[in-house]
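Take a look at the structure below.
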Amino acid sequence: MNLRSYSILALDDDPDILTAVRLLLKPHVKQVVIEKRPESLPALLAAHDFDLVLLDMNYRSPIHTGNEGLFWLRKVKELRPKVAVIMITAYGDIDLAVRSLKDGAADFVVKPWENDKLLAAIGEALRPGEGSARKAAPKPVAGTEI
């Protein structure tokens with residue numbers, strides 16, 4: 001998928017992660033904005049028309065519950081429901097991934113990621129009709145049980 005028409009916001013408290021994201025995405029997307037302070041998220045969403053947010057799950061060491069990321073995921077969905085969100089974390093587990101997806105994330109990626117897989121996840125989240133905000137509930141087929 002060609003990503004050149006898309007704008008992406010990446011939020012992570014680790015400057016090395018933000019640099020890696022910027023270097024990876026810059027040749028592929030229209031715009032990539034990086035930010036280390038999640039408190040800036042509402043202002044950034046108001047000032048820019050982002051298509052996707054890459055959102056870290058944890059911002060305050062040594063707390064690694066993912067609750068901060070879930071809070072900011074819900075804030076993105078409240079302010080801009082159609083923006084796709086991919087959660088990224090070094091401390092992933094199945095429960096956290098499920099909670100993220102239930103709260104509206106399009107995908108959940110564990111650090112360190114493989115660049116090709118992250119690009120594919122971004123492409124999938126941005127595909128028309130995909131992404132958590134764009135998915136319709138499946139329609140039952142006649143004669144099937146739900």
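See the values below:
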item: Residue check, Ala97 over 19 Å from Pro15 (Cα atoms) and either touching a residue at least 24 places away in the same chain (Cβ under 8 Å) or among the acidic types (Asp, Glu) (or both); result: no
item: Count of residues meeting criterion [assigned to a helix (DSSP H, G or I) and loosely packed, with under 14 Cβ neighbours inside 10 Å] in the stretch 1-21; result: 3
item: Residues of the stretch 66-120 classified as more than 11 Å from the chain's Cα centre (by Cα) and on the phi > 0 side of the Ramachandran plot, total; result: 1
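Throughout, read-outs are computed from the coordinates displayed, never taken from laboratory work. From a predicted model like this one, the values you see are computed outputs, not experimental measurements. Positions of Cβ are backbone-derived with ideal geometry, glycine not excepted, and every protein chain shown enters the neighbour counts.
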